[in-house]
Amino acid sequence: MSLMDDLKRVLKSYWAYDDFRELQDRIVLSIAQSKDTLGLMPTGGGKSLCFQVPAMLMDGVCIVVTPLVALMKDQVYNLNQKNISAELIHSGLEKDEINKIFDKCIYGKVKFLYISPERIATSLFREKIEHINLNIIAIDESHCISQWGYDFRPSYLKIIELRELKPHTPILALTASATLDVVEDIQEKLGFREKNVFRKSFERKNLVYIVRYIEDKTSYLVKILKTQKGSSVVYVRNRRKSKEISDYLNENGIKADYYHAGLANNLKDYKQEQWKLGRTQAIVATNAFGMGIDKPDVRTVVHMEVPDSLEAYYQEAGRAGRDEKTAFAVMLYSKSDRKKIEQRIDVNFPSKQTIKSVAVAMYNFLQVAVGAGRDAIFDFSLSDFCKRNKFQIQIAYNSLKILERCGYIVYNDESEHKSKIQIIIPKDSLYDYKFDDLGLELFLKQLLRNYSGLFTKMISLDPDYLANRLQLDKNKINSYLKQLSQRKIIKYIPSRVKAQIILSQERIPNSYLTINREAYDNRKERYLGKINAILNYCESRNLCRSKMLLDYFGQKKSPNCNYCDTCRDYLNDNDNKSLEQKILSKLSNQNVLLSDLISKVNHSKKDIVNCIRELNDEDKVEIIENMYIRLK
């Protein structure tokens, strides 16, 4: 039996597919042969199977590096549902919990370990990884390692240290969108032993790209969603607008909801699930929505505002039509949009003096003295920081991100902390406790069966895990936990998302603070290039939208799609010209009855009549008595 036969056997056994998709087979075979591999696959192309299938065939643990906590949770849950052991490590775990996960990896009890790129730099990770037998290092969203990319993350540069610790473990880098420069940069930054790239065409033949030049966007959105009845995603740029537009859609008879990163985790999960089940037609969201979500029947993705790059647009638009049926990616563009986009430049790249002022204020806010603070970790409230120092939130946020790129700090703006519980009533008293709610009593018994040490210390728990394990609704679990807390039976700390700042080095004197060229000037120049590219896409009225996107990603000399708005306008123009030519040729130098003309020209009566009216307006023909037409 060949290696590919073995891979297909794993695919069938665990995922119930008979064969791989286009390009999946080549990527899977390459990594199974221990070759460093870069896979470029459009959104929805099945990237996760490219490392999951070969890892099941190979001895050891597959480590998956991704910045997306939601994707980690989703994939770990799905793997566990298939009786495949998978774990994730994130900042909400206690040290002893992390130690237990690492020990399970060392003793071969885990097949997949999901981590964020920041984890690689920790001393505990470096200590433990030496004792873990790795089979694959899988890197999702690998374009984040490139400073040429649209979503560069400094933490991704630490991944090369993982390669140094495990030099013989093959790397699989995956991304949905990368230009030619980024493709080269990914392989260099990850230390590929030899170049090895598998590209799937970026062309989405079933996806129709449309730009509509419209001032009243919300009214036009209603028109789109009433025409396209299937599931839709509507992208906006801020949280307030997500709710405003969602409310407007509901008022106009479209079942809609809103989604953004500021919502509680359980509420985000609920909204996402309602949309996935088709109970909500349209989800109005910031770009926090969509990563790792596999809903095949999305018929329309609408952008109410212009994203910062064609990469971001392509990835978000690509969430439509994963079932290979016709779907639409619609950009709504108005006269004021160019000015709004140009204003983003000053917000995303505050002046260097402003960035230094934010740095000084940050150190003072955290009460860090000059010469102190290296590796210190602080909970951080951006809103409190901005209120105290009178900074605009977006200016402060982007200044902190630039300071991160300069190497001064690590800024985790969504550091998740798990729910924690401890039983605070004595054991004897608990056994004698009289419950008036049987469901609550049974829930407590299940807690005792599933978690050890509840009487002695705070234990982290995962409501998602409990919900699946106990077959209970997550809202019900949260209700039970609150009731037990109110009755003074447990101490309960709900999960929360809290930002953190980690100081990468000690505080230096203010006069020594510098903003280096690569972190600021070069990035600003590249950002301007991306802004110009997407503005060109929006404002062009004579180039095929699909061809423009393919050209941008290095797929040159692509044919026109014949379906986007510019292609259709062109074809319509040509149709009108050919109809005009046919009518004029039939007229020649004689008078022709309109009914005879309609019978002789192979077009609809409506089109012929309209064309004759236009020709009459242009003084090319005249209409005479008894509906005769003649050349003028």
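Just so you know, all these numbers are worked out from the coordinates, no wet-lab data involved. Please read these numbers as outputs of a predicted model, since none were measured by experiment. Methodologically, a virtual Cβ is constructed for each residue, glycine included, from the backbone with ideal geometry; neighbour enumeration extends over all protein chains shown.
Between ILE493 and LYS339, 0.36 nm times their residue separation minus their Cα-Cα distance comes to what?
50.9 nm
Quick one: work out the % antiparallel among DSSP beta bridges in the chain, nearest 5.
35
Quick one: which residues, 5+ away or cross-chain, put their amide H under 5 Å from the amide H of PHE328? H built at 1.01 Å from N.
VAL208, THR300, VAL301
Hey, with R₀ at 56 Å, roughly what FRET efficiency would ILE623 and TYR248 work out to, going by the Cβ-Cβ distance, to 0.05?
0.75
If you take the square roots of the eigenvalues of the alpha-carbon gyration tensor of region 326-467 and sort them as a ≥ b ≥ c, do you get rounded (a/c under 1.5), prolate (a/b over b/c) or oblate?
In terms of gyration-tensor shape, oblate.
Gap in Å between the Cα centre of region 575-632 and the Cα centre of region 103-132?
What the calculation gives is 77 Å, centre to centre.
Would you calculate the separation in nanometres between label points at LYS12 and ASP181, each defined as 7 Å from the Cα along the Cα-to-beta-carbon direction?
My value for the distance between the label points is 4.7 nm.
Quote to one decimal, in nm, the extra length available between ARG193 and ALA261 on full extension: 0.36 nm per residue of separation minus the C-alpha distance between them.
Gain on extension, ARG193 to ALA261, equals 20.6 nm.
Hey, can you grab everything whose amide H is under 5 Å from the amide H of ASN196? Only 5+ residues off in sequence or another chain; H modelled, so Pro and N-termini drop out.
The list, which skips near neighbours in sequence, is LEU38.
Add +1 for every Lys or Arg and -1 for every Asp or Glu among the other residues with Cβ under 10 Å from the Cβ of PHE380, and state the total.
-2
Hey, rough spin-label estimate for ASP59 and LEU3, points 7 angstrom out along Cα→Cβ, what's it come to in nanometres?
With each label placed 7 Å out from Cα toward Cβ, I get 1.7 nm.
How large is the dipole of the chain about the Cα centre if only Lys and Arg carry +1 and Asp and Glu carry -1, each at its Cβ, rounded to the nearest 20 debye?
In total the dipole reaches around 760 debye.
Under unit Cβ charges (Lys, Arg +1; Asp, Glu -1), what dipole magnitude, rounded to 20 debye, does region 3-199 have relative to its Cα centre?
320
Before anything else, pin down the relative contact order of region 253-381: Cα pairs under 8 Å, at least 6 apart, normalised by residue count, whole percent.
18
With a cut-off of 8 Å between alpha carbons and a minimum separation of six or more residues, what is the relative contact order of the chain in percent?
Across the chain, relative contact order equals 12 percent.
Check the straight Cα-Cα distances from LYS457 and name the lysines below 22 Å, setting aside those fewer than 8 residues away within the same chain.
Once the sequence-local lysines are set aside, what remains near LYS457 is LYS95, LYS100, LYS104, LYS418, LYS420, LYS427, LYS445, LYS482, LYS488, LYS491.
For helix 352-365, what angle does its Cα long axis make with the longest principal axis of the chain, in degrees from 0 to 90 and rounded to 10?
So the helix axis and the longest Cα principal axis differ by about 30 degrees.
I need the phi-derived Karplus couplings for region 108-118: 6.51 cos²θ - 1.76 cosθ + 1.60, θ = phi - 60°, integer Hz, Gly and Pro marked x.
Result, rounded to whole Hz: x, 9, 10, 9, 10, 10, 9, 9, 8, x, 4.
What's the whole-number percent of alpha carbon pairs in the chain lying beyond 49 angstrom?
The share of Cα pairs beyond 49 Å in the chain comes to 22 percent.
Would you calculate, for the chain, the mean residue ellipticity at 222 nm contributed by helices, counting each DSSP H stretch of 4 or more residues as -39,500 (n - 2.57) and dividing by all residues, to the nearest 500?
-13000 deg cm²/dmol
Can you list residues from other chains, or at least 5 along the same chain, whose modelled amide H is less than 5 Å from the amide H of TYR235?
Those lying under 5 Å, H to H, from TYR235 are ALA285, VAL302, HIS303, MET304.
Taking θ = phi - 60°, what integer Hz values does the Karplus form 6.51 cos²θ - 1.76 cosθ + 1.60 yield along region 546-556, in sequence order, with x for Gly and Pro?
3J(HN,Hα) across region 546-556, in whole Hz: 4, 4, 4, 5, 5, 4, 4, 8, x, 8, 6.
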